[in-house]
1. Filter the range 53-67 down to the residues that are outside any helix (DSSP H, G or I) and surrounded by fewer than 16 Cβ atoms within 10 Å (Cβ to Cβ) and list them by number.
2. If you check Gly132 against the conditions, is it open to solvent by less than 10 Å² (accessible area, probe 1.4 Å) and on the phi > 0 side of the Ramachandran plot?
3. With respect to Thr159, determine if the residue is open to solvent by less than 10 Å² (accessible area, probe 1.4 Å), more than 16 Å from the chain's Cα centre (by Cα) and not hydrophobic (A, V, I, L, M, F, W, C).
4. With the checklist (1) of a type in the set (A, V, I, L, M, F, W, C); (2) loosely packed, with under 15 Cβ neighbours inside 10 Å; (3) modelled with pLDDT of 85 or more; (4) under 26 Å from the mean Cα position of the chain (by Cα) in hand, flag the one item Ala259 doesn't pass.
5. Quick one: how many residues across the range 339-378 are free of Cβ contacts under 8 Å to residues at least 40 places away in the same chain, more than 19 Å from Ser197 (Cβ to Cβ) and not basic (Lys, Arg)?
6. For Asn174, state whether it is touching a residue at least 40 places away in the same chain (Cβ under 8 Å) and either over 24 Å from Asn357 (Cα atoms) or small (Gly, Ala, Ser) (or both).
7. So which residues in the range 182-208 are more than 21 Å from Ala120 (Cβ to Cβ) and either open to solvent by less than 40 Å² (accessible area, probe 1.4 Å) or of a type in the set (Val, Ile, Thr) (or both)?
8. Looking at (1) closer than 18 Å to Ile135 by Cα; (2) at pLDDT below 95, which one does Thr210 not meet, given that it meets all the others?
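The values are calculated or read from the model by the stated rules, or taken from the named source; none is laboratory data. Only a predicted model underlies this, so the values are computations on that prediction, with no experimental measurement involved. Ideal geometry is used to build each Cβ from the backbone, glycine not excepted, and the neighbour counts take in all protein chains shown. Protein only, heavy atoms only, side chains kept; ligands, DNA and RNA dropped before computing areas. Shrake-Rupley method; radii C 1.70, N 1.55, O 1.52, S 1.80 Å.
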Amino acid sequence: MTDAPPSSSNPSASNAPVHTPAQPPKTPQFPPHNAPRVWLLTNGASPISINLARHLLAHGDYVVTCVSPWEIEKEERRGREFGAFWEEIRRQGSKSNTKMKPWKERVRVVPLDVSSVSQAQAAVAEALSAFGMGIDILLLTTPSAVLGTVEELSQTPATVMLVRDQFEINFFANVNLIKAVLPAMRERKNGHIVLLSGITGHLGTPGLATHCASQWAIEGYCDSLAYEIAPFNVKMTVVQPNIEIGILTNRITSVPPMAEYAPDTNPAPFSREIFAGLLDKLEGAVMPTIMMDLVQTPVSTTTTSGDNADVGTGLTTGDLLSSPSITSLYAPLSTGTQTNLVAETVFALAAIGGHDNPPARHIVGFEGVASVKEKLKTVSEELEDFIEVSAAVDFTKEEGDAMTATVPG
């Protein structure tokens with residue numbers, strides 16, 4: 001005879017559902033916020049900005065997105081992708097939602113040439129007045145990468161100019177925007193500046209010296225800035241995704257290689273070969289777009305701008321990075337590949353932006369965390385190996401007094 005189940009004074013107790021632990025979400029969930037946030041995105045036509053803007057608008061935020069008219073006009077695929085996003089915004093406006101305003105009422109598009117101080121100031125001024133709520137989060141990006149060794153980048157006046165251009169885009173352009181937005185955030189005693197950098201801000205990478213240097217420069221600038229603006233309740237965060245996020249979703253410029261740095265003579269794992277392999281794996285999704293006005297000398301391939309570019313008989317997309325001329329291109333990423341590639345970064349930015357207590361630094365993804373931890377481990381081990389040498393230059397007070405006493409005069 002089996003025992004009867006225990007009785008309960010609650011007649012519905014026997015029908016109560018069995019409690020099971022909640023399963024973790026498959027994707028990060030958008031955090032709750034007290035009020036809609038206003039974002040200023042400085043590289044609005046990039047895959048990260050488009051996907052982030054879509055995510056923010058779907059959750060009630062306001063977005064001012066800056067786009068380069070030159071990029072939209074010259075780079076056909078970028079223009080088409082941003083046009084498709086704008087059409088999506090228009091369609092969303094016809095959908096009824098009692099909780100949120102339509103997307104088109106919560107987004108503004110502002111032209112911005114990142115090299116122009118006056119346009120940076122104008123873009124910030126327009127963003128401040130767009131919705132009557134100021135700017136809560138400024139998202140800065142480093143939207144270009146130059147591939148080439150230090151020697152390769154010093155061979156001609158054109159390659160030397162690329163080094164300066166890298167700093168103009170990745171460093172000075174962001175400085176201009178920071179200086180333009182600070183007075184308003186300081187006056188409101190509220191704001192959050194988010195720099196989207198990369199783990200190359202931690203790790204030196206062969207063949208990416210200029211790109212790494214420009215990221216280290218802007219990160220050092222922002223680290224110092226964080227202390228200056230903290231008393232005004234303005235926060236600073238550096239977000240560092242994996243290296244391929246910043247490279248494959250933005251313009252890649254490669255300079256002519258030198259024979260001394262060829263893979264068969266130099267064992268260093270140069271970024272040119274790494275990204276050439278990645279581009280070859282992506283080949284066939286869409287054709288790469290080649291920026292012909294940035295090609296300095298004729299090459300042995302036949303190329304045209306746009307998605308119908310013919311990269312030449314027998315050559316792969318990766319081969320373009322070893323062209324005997326300066327060549328700029330965008331990786332041939334399909335829309336689905338772009339979305340999957342930037343998904344983690346988009347969720348990280350959305351979760352951190354405007355947070356009451358955001359991290360000073362956030363590394364996106366396990367691989368990035370592992371790489372940075374390995375670098376920090378190496379630095380720590382070297383400190384321990386040479387700690388006696390470091391300490392040998394220190395003097396005790398008594399030793400210092402004795403040395404001072406022996407100095408004549």
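1. Scanning the range 53-67 gives a single hit, His59.
2. For Gly132, the condition - open to solvent by less than 10 Å² (accessible area, probe 1.4 Å) and on the phi > 0 side of the Ramachandran plot - is not met.
3. So Thr159 fits the description; yes.
4. Every condition holds for Ala259 apart from (4).
5. Counting residues in the range 339-378 that are free of Cβ contacts under 8 Å to residues at least 40 places away in the same chain, more than 19 Å from Ser197 (Cβ to Cβ) and not basic (Lys, Arg) gives 4.
6. no
7. Hits for the range 182-208 are Gly198, Ile199, Thr200, Gly201, Leu203, Thr205, Gly207, Leu208.
8. Failing condition for Thr210: (1).
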